[in-house]
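So the structure is just underneath, and the comments pick up after that.
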Amino acid sequence: MSERILILDFGSQVTQLIARRLREASVYCEIMPFDKGDEAVRDFAPNGIIFSGGPATVTDAGSPRAPQAAFDLGVPILGICYGQLTLCAQLGGTVESSDHREFGRAMVDVVEDCELFHGVWGAGQREQVWMSHGDRVTEIPPGFAVAGTSDGAPFAVIADDKRHYYGVMFHPEVIHTPHGAQLLANFARRVAGCAGDWTMAAFRAQAIAKIRDQVGDKRVVCGLSGGVDSSVAAVLIHEAIGEQLHCIFVDHGLLRAGEAEQVVEIFREHYNIPLSHRNASEMFLGKLEGVEEPEEKRKIIGGLFIDVFEEEANKLGGAEFLAQGTLYPDVIESVSVTGGPSATIKSHHNVGGLPARMNMSLVEPLRELFKDEVRALGRELGLPDSLVGRHPFPGPGLAIRLPGGVTQEKADILRKADKIYLEEIESHGLYDDIWQAFAVLLPVRTVGVMGDYRTYEYVCALRAVTSTDGMTADFYPFDMAFLGAVSNRIVNEVRGINRVVYDVTSKPPGTIEWE
């Protein structure tokens, strides 16, 4: 890979969006922790380097700094938010804490043209951006000029066209900076000179080579859920190592209606991938009984998955690797490279490594991808749209969609309501317009009257959102006729529910999904 951009990660929750925007511009890139060291930066031999944002304060003692090799290589550098601050601090500028913070939408006045703006912004324009900073630059380093200002950042954009060094206090990687993707493409292609010839086919070939290099001739077991992520991971790994892969599908009793049968049919009959089907519903439901806290549920389920995978692998004679469909949003909501305020939003059952007793290593070929990129990879691998286009259903399963204690009765009630909801979405031709939809059984019972009877049953909440990558989301604007039809079916057909509500909460950057 001769042309590539290196992203030094200072701990921002949206660092991967930078990589995503570059890949959209057909430029190959990789993310590396800021403290990986000079040798790692030199060995990568990038055409350009981007310093990401991060939660730290530059003026604090011991705050993160870019390795000196980033400057010694003589390649273009773009600093974003914290990246701009440390760029200035390390090149002789001054950074101070400020009482005038900027979070959310802001306007930047473009005061001078630079290579970063070519064909996108021009002097005299006023542009919307997304800010997220408390500190600010008060004196720019020698060689830089001010290219843009905002109310809270007099040096919102700085540029040194001679050395090809640039700094922006806003986040060009988020969709709330409308022309941000074009600015990043300018940096990678115009400033750093990348041709822009990287494709998903190239990622596929690279991922297969990495899998073969990691696994060698050893056996891999794959934790298959039947969702898009694990399915794409399984097919990709099978293409790489063939019969060395054995999939394990665990029915934990919290699947959607008909999901177990679909998984077995697809992988045994259509792909001929070796598959063990383990019904462990009694074990999972037994361990979850009486547990109400969502994080505790996830940890219990994650631990049980590991136990079952280990048991099934031992039946096969052992395995050296466990494969998972971990995506980047799973990772960034669970950990942070800096351990700062973004350290943990929520834990995911497939993030965090394996217990030492297993003597297995993880294979996670999708770890750097977002959901829509995984779908693109699935299509590249030839998976059917019926599988690739499935809505994500995190949880895992129904567990987190059952606030409060989990029981077989409540799971059955929710499963029926969820099935009706999806049936109506599909029958109205709305499935592909929606990124994710699911039902939630609230831990609330209400009194209702149905005909001549008084009922005391659960409230069901419906959720549907539009999104591109799951980092931001907005509720889907169903019309009242649709909501009325769905609610009527659920109340009439699902014994145990007498009221239905629809959630219209949006998910802006940096927040978590409603649970």
Label zone at Gln68 (point 7 Å along Cα-to-Cβ), backbone N below 18 Å, the range 75-97: 75, 87-93
Value of Rg/Rh across the range 69-152 [Cα atoms, Kirkwood radius]: 0.96
Calculated FRET value between Glu289 and Val449, using beta carbons and R₀ = 45 Å, to 0.05: 0.90
Size of electric dipole in the chain: Cβ of Lys, Arg +1 and of Asp, Glu -1, about Cα centre, debye, nearest 20: 440 debye
Computed FRET value (nearest 0.05) for Asp412 with Lys218, which takes r as the C-beta separation and R₀ as 41 Å: 0.50
Alpha-carbon spread of the range 356-446, three principal axes, descending order, Å: 47, 46, 17
With eigenvalues of the C-alpha gyration tensor scaled by 5 and rooted, the range 137-230, Å: 41, 18, 13
Nearest-ten-degree value, helix 408-427 long axis tilted from longest Cα axis of the chain: 70 degrees
The chain: proportion of alpha-carbon pairs further apart than 38 angstrom, %: 34 percent
Note, ³J(HN,Hα) from phi for the range 367-378, Karplus 6.51, -1.76, 1.60, rounded to Hz, x at Gly and Pro: 4, 9, 10, 8, 4, 5, 6, 5, 4, 4, 5, x
Among Ala70, Gly92, Val110 - extreme Cα towards positive end, dipole of the range 53-122, charges at beta-carbon: Ala70
Over the range 182-286: Kirkwood hydrodynamic radius from C-alpha pairwise inverse distances, Å: 16.2 Å
Test item: Cα-centred dipole of the range 220-279, Lys/Arg +1 and Asp/Glu -1 on Cβ, debye: 140 debye
Within-15-Å neighbourhood charge of Val494 [Cβ basis; K, R +1; D, E -1]: +3
Calculated FRET value between Val146 and Thr505, using beta carbons and R₀ = 45 Å, to 0.05: 0.70
Quarter of Cα convex hull surface for the range 10-86, i.e. mean projection, nm²: 4.9 nm²
Charge dipole of the range 130-286 about the Cα centre (unit charges at C-beta), most positive-ward option of Ala159, Pro142, Val232: Pro142
When the range 352-396 is reduced to its Cα atoms, the Kirkwood hydrodynamic radius in Å: 12.8 Å
Theoretical ellipticity at 222 nm over the chain - DSSP helices of four or more residues, -39500 (n - 2.57) apiece, nearest 500: -9000 deg cm²/dmol
Over 25 Å [Cα-Cα, the range 1-132], rounded percent: 29 percent
12 Å tail of the calculated P(r), the range 186-237, as % of Cα pairs: 73 percent
Simple spin-label estimate for Glu139 and Ser97 in nanometres, 7 Å along Cα-Cβ: 2.0 nm
Unit charges at the beta carbon, dipole of the range 154-219: most positive-side option, Val215, Val168, Leu183: Val215
Orientation-averaged projected area, Cα convex hull of the range 237-303 (nm²): 5.6 nm²
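All of the numbers you see were taken from the coordinates with simple rules; none came from a lab. Quick caveat, the model's predicted, so the values are computed rather than measured. In this analysis, Cβ positions are derived from the backbone assuming ideal geometry, glycine residues included, and neighbour counts consider all displayed protein chains.
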